[in-house]
Amino acid sequence: MNHLTKVQRKRRALRVLGDVYAVLIYTVLYIPVAVMMIFSFNNQRYNYYWNGFTTQWYEKLFNNSAIIDSLWYSVIIAVLSTVISVVVGTLGALGLKRYEFRGKKLVNSMLYIPIIVPEIVLAVALLIIFMTFGFSLGMGSILIGHCTFCIPYAVVTIKGRISGDGNSLEEASMDLGANRMQTFFRVTLPSIMPGVMSAAFLAFTLSIDDVVMSNMLAGAKNSTLPVLILSMNKSGITPDVNALTTLMILAIVAAMLLSGGVKALLARRAKRLEAE
Amino acid sequence: MSGKTKAKRPGPGMRRRNLRRNTLPALAQAGPVSVWMIVFVTLPTLFIIYISFMSRGVFGDVVYEFSLESYQTLLDATYFKVILKSLRVAVFTTMACLVIGYPFAYYIARKPREQASRLIMLIMIPFWTNSLMRLNSWLLLFQTSGPVNNFLQWAGLTDSPITFIYTDGLVALGMVTNMLPFAVLPLYSTIEKLEKSLLEASSDLGASPAKTFMRITLPLTFPGIFSAIILTFIPALGIYTVSDILGGGKVLYIGNIIKNQFGQIRNWPLGAALSVLLLAITALLIFIYTRFAKLEDMEVV
Amino acid sequence: MAEAIVTLTDVEKSFGSNLVVQKMNLDIEAGEFLTLLGPSGCGKTTTLRMIAGFEDTSAGSIKVQGEPVEDKEPYQRDVNTVFQNYSLFPHMNVYDNVAYGLTIKKVPKDEIKTRVGKMLELVQLTGYEKRKPDALSGGQKQRVAIARALINNPKVLLLDEPLGALDLKLRKQMQLELKRLQKRLGITFVYVTHDQEEALTMSDRIAVMNGGVIDQLGSPKEIYDHPKTRFVASFIGESNIFDGTVQAVDGTLLTVETPAGLMQTRGEGFAVGEAMHISIRPEHLLAEKQPVPGFDLAGRVKDFTYLGTAVKTAIDLKDGTEAKFSRIEQDAECAEGDTVYVHWKPEKSVAIKKTAG
């Protein structure tokens, strides 16, 4: 009785084909990550070939001050540019969504320049401006560079989460006696919080992984981790860097899972409360 | 406020009110982002266009006199070849990303919502790893005494190691794997919006799957396809890290040339002119895009 | 009986462990207007989608003009569908939408032009050729959807709640138009709706579905006047339904004991002590100041609702159920709070066998 018709057989075959294709693509996407992790255990100074298993790089990593210094430099810059771009981006998203003013369309279009134009162009443009006007390069210039591409992403991300139904929530809050400040912190901000969080995550990952802007705008003294890696490229990237970036991706994924887990937990508790 | 305000035109009180209720909050919210964009995006962009029309001094300084020298240099055989090569690689990368990414995006979009968002997440995770290290991994895999060559020799497919590294082929592989998500995401979100009943209607009216794809699916997902083109083609045209790492400095693209003009070579006007070329290509594509879709609808994140 | 154009034999459909359609048997006759009527989730849309080919059958067979269609994709079947949300191609104008099926079949351009012209005339949309679906009203979209399906001369037209999105007035108008169109073209219509009034107005036959099975198949009059199950009685029109057991049988006259009190009805094949249901339409209910022999249904008049064409009276019976009662005019002697004795002519009520489930 459970004899499949021609149509059903064809559909099933297509479905299997799709699964195989997807697995293939995911494999290609994950190969570089897997290789990076595997070679962090390679017992060979320059990773020219596989020379046996070791965990020594994880131990030695923390003695390599150049790498650790650049990591901290990167982290500080990433945190600062996340904070700046989330604050400016949140306000900007609200302002651009809720108010009509002259030049709004222009600002909206300007936001897409850093997103679409190749990063090298923006980096070079900023470099020229800084050099011409005597602004010395260093953490400040890198920070400005990073914020310049993080802010637009933050605005676009948050704007997508602001409901289109106008200011009715805010109006309700003010109707109930809250002033503008109270309304912002008690009503507006919580309602767009998911957008703000994903904007923060995006800004952080964009900043900490950035090479082009940092490389162009870094002064002579300090360099971010990606810039250091790029400079190591000629002589070969050593396994301790593999070890470090392995730890970093594990930390990022752990943070994601943790926040996802917390969210799920909160949702479950809310559901239970509702049921009671 | 009473319903019967008599004022026929906004008096000073009304204007002050409007200032407090609308102008100030608007300024406080949209002000910072507007100023930032003007100061750090628009002005530098205009300035780079200006610099591209200057000329290079003997010591690598900028001589502030109008000149088309840099643009003429772009037409020199050496530079022109690089530009053509970069365009070719960018076109190849874009096509490959579309051809590989479209069925993949379609596959994900046809899954139940929850599962689809998990699959999308699964695409994003590798991209949170340092991009240079991911590129370096391809190098480790394909280097002379690396796993791929070892395997080929072990399997008897080749006698001596094949040189993969520092070739255009490996750079292309790096480009495609690097850009694929930027094609898949916009494709996914347009395909996901495509109503299934439209495909059923087409089938109901006698169209085979191939015809339905050509007449319904493809035209209706065209905005997503064009977003994907923009989001892969333009970065591919300007990126230099892929060619730096996988090309080992032997493979040069526009991005490398621009970077070099601001490094050892020090020819700002030439670097600026190349940047203006990239800007012009970007502007052209965006112009075409805005003919049939809104910029705000481009799925960039 | 006319020849069957679509035959469903023991058709079943399950999604996972959820059995949506169970052992369904149905002959759809050529040229008839058949409605699948039921609440949401009863399997009516799934049945339609199986005929169209969008869903596979889990078991059983579907034949169109005597030919099994399981091995045919939707695009190979001689049936066409009018979708619930119209599903007009948003990137094509009205002309291209209507011409779609013919274009796919590579019909010559001139012929397409004349046929589309005729079809648009039929649905009264001449002059709208160049409009995009976005620029049409709901009713106009609906006409395009119908024209787009009909132009292919389908053996059967399947309509999935086509009027669901329209407002009441437009819906009534479209109901009449659809019915006229069907009569004029002589095409078999299989129409899915949850709106019983719509089904009664338009159909030649109605299949009332509940929980994946057809409860009753018959003409609108049969279904309205002689519901065979408690579900059909409650779903079609307004009804007072009482559950009880047979106390006495006198020929066809049954006396039935219910929680609300004693009542009478007419029916055949019932035995004393048998559980059963009685359905009585509000317009057949009567009320007196004095008790009526055979009935023991005292109640208190609760309230009146003025409906324009009728006055609806609610009466609280002694077990707390509410009897609905409708009259052209309000009874003068009835006032809120009055105690009245409810009864009816036994032949006006319907005796329904208790079925499992």
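The values are calculated or read from the model by the stated rules, or taken from the named source; none is laboratory data. Values in this document were obtained by computation on a predicted structure and should not be read as measured data. Glycine gets a Cβ as well: all are built from the backbone with ideal geometry, and neighbour counts include every protein chain shown.
Here are a few things to note about the model shown:
Matching residues to (1) within 22 Å of residue C:223 (Cβ to Cβ); (2) among the aromatic types (Phe, Trp, Tyr); (3) modelled with pLDDT of 90 or more; (4) surrounded by fewer than 20 Cβ atoms within 10 Å (Cβ to Cβ):
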{"residue": "C:2", "(1), (2), (3), (4)": "yes, no, no, yes"}
{"residue": "C:17", "(1), (2), (3), (4)": "no, no, no, yes"}
{"residue": "C:33", "(1), (2), (3), (4)": "yes, yes, yes, no"}
{"residue": "C:52", "(1), (2), (3), (4)": "no, no, yes, no"}
{"residue": "C:57", "(1), (2), (3), (4)": "no, no, no, no"}
{"residue": "C:68", "(1), (2), (3), (4)": "no, no, no, yes"}
{"residue": "C:80", "(1), (2), (3), (4)": "no, no, yes, no"}
{"residue": "C:97", "(1), (2), (3), (4)": "no, no, yes, no"}
{"residue": "C:103", "(1), (2), (3), (4)": "no, no, yes, yes"}
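- One residue from B:240, B:253 being buried (at least 21 other Cβ atoms within 10 Å of the Cβ), within 9 Å of chain A (Cβ to nearest Cβ) and touching a Phe, Trp or Tyr at 6+ places or on another chain (Cβ under 8 Å): B:240
- Inside region C:103-114, residues that are more than 9 Å from chain B (Cβ to nearest Cβ) and either on the phi < 0 side of the Ramachandran plot or assigned to a helix (DSSP H, G or I) (or both) make up a count of 8.
- Among the residues of region A:129-142, those identified as surrounded by fewer than 22 Cβ atoms within 10 Å (Cβ to Cβ) and either of a type in the set (A, V, I, L, M) or part of a helix (DSSP H, G or I) (or both) are A:129, A:130, A:131, A:132, A:137, A:139, A:140.
- Helices (runs of 4 or more DSSP H) contained entirely in region A:171-218, each with at least 1 residues that are surrounded by fewer than 16 Cβ atoms within 10 Å (Cβ to Cβ), more than 9 Å from chain B (Cβ to nearest Cβ) and touching a Leu at 6+ places or on another chain (Cβ under 7 Å): A:189-208
- Qualifying residue in region C:69-81 (condition: over 13 Å from residue B:204 (Cα atoms), within 14 Å of chain B (Cβ to nearest Cβ) and not polar (S, T, N, Q)): yes
- Among the residues listed as B:283, B:293, the single one being more than 7 Å from every other protein chain (Cβ to nearest Cβ) and either more than 22 Å from residue A:111 (Cα to Cα) or without any contact (Cβ under 8 Å) to a residue 40 or more places away in the chain (or both): B:283
- Qualifying residue in region A:63-80 (condition: within 10 Å of chain B (Cβ to nearest Cβ) and either part of a loop (DSSP other than H, G, I, E, B) or without any contact (Cβ under 8 Å) to a residue 60 or more places away in the chain (or both)): no
- Any hit, region A:82-95, residues being in the same structural domain as residue A:145 (by TED's automatic domain parsing), surrounded by fewer than 20 Cβ atoms within 10 Å (Cβ to Cβ) and within 20 Å of the chain's Cα centre (by Cα): yes
- Among the conditions (1) more than 30 Å from residue A:86 (Cβ to Cβ); (2) within 26 Å of the chain's Cα centre (by Cα), the only one that residue B:66 does not satisfy is (2).
- With respect to the stated conditions, residue A:211 is free of Cβ contacts under 8 Å to residues at least 24 places away in the same chain, under 30 Å from residue B:237 (Cβ atoms) and within 20 Å of the chain's Cα centre (by Cα).
- Scanning region C:205-222 for residues that are within 11 Å of the chain's Cα centre (by Cα) and within 23 Å of residue C:181 (Cβ to Cβ), we see that the one that is surrounded by the fewest Cβ atoms within 10 Å (Cβ to Cβ) is C:219.
- Scanning region C:290-314 for residues that are among the aliphatic types (A, V, I, L, M) and in contact with an Asp or Glu (Cβ under 7 Å, 6 or more places away or on another chain) yields C:301, C:311, C:314.
Table: residues versus (1) touching a helix residue (DSSP H, G or I) at 6+ places or on another chain (Cβ under 6 Å); (2) among the hydrophobic types (A, V, I, L, M, F, W, C).
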{"residue": "A:14", "(1), (2)": "no, yes"}
{"residue": "A:22", "(1), (2)": "yes, yes"}
{"residue": "A:39", "(1), (2)": "yes, yes"}
{"residue": "A:43", "(1), (2)": "no, no"}
{"residue": "A:46", "(1), (2)": "no, no"}
{"residue": "A:81", "(1), (2)": "yes, no"}
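Listed here are the residues, each with its yes/no results for (1) small (Gly, Ala, Ser); (2) within 13 Å of chain A (Cβ to nearest Cβ).
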position: B:109; (1), (2): yes, yes
position: B:138; (1), (2): no, yes
position: B:159; (1), (2): no, no
position: B:162; (1), (2): no, no
position: B:176; (1), (2): no, yes
position: B:195; (1), (2): no, no
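- Qualifying positions in region A:43-75 - surrounded by 14 or more Cβ atoms within 10 Å (Cβ to Cβ) and β-branched (Val, Ile, Thr): A:54, A:67, A:68, A:75
- Filter result for residue A:21 (under 27 Å from the mean Cα position of the chain (by Cα) and either at the interface with chain B (Cβ under 10 Å from one of its Cβ atoms) or at pLDDT 90 or above (or both)): no
- Evaluated against (1) within 26 Å of residue B:246 (Cα to Cα); (2) out of contact with any Ser or Thr (no Cβ under 6 Å at 6 or more places or on another chain); (3) outside the structural domain of residue A:150 (by TED's automatic domain parsing), residue A:55 falls short on exactly one condition, (1).
- Against the numbered list (1) under 19 Å from the mean Cα position of the chain (by Cα); (2) under 11 Å from residue A:120 (Cα atoms); (3) in contact (Cβ under 8 Å) with a residue 40 or more places away in the chain, residue B:240 comes up short only at (3).
- Residues in region A:219-247 that are surrounded by fewer than 20 Cβ atoms within 10 Å (Cβ to Cβ) and facing chain B (nearest Cβ under 10 Å): A:232, A:233, A:234, A:236.
- Residue check, residue C:229 in contact (Cβ under 8 Å) with a residue 24 or more places away in the chain and surrounded by fewer than 23 Cβ atoms within 10 Å (Cβ to Cβ): yes
- Unique residue being in contact with a Leu (Cβ under 6 Å, 6 or more places away or on another chain) and farther than 30 Å from residue C:345 by Cα when the list is C:192, C:246, C:213: C:192
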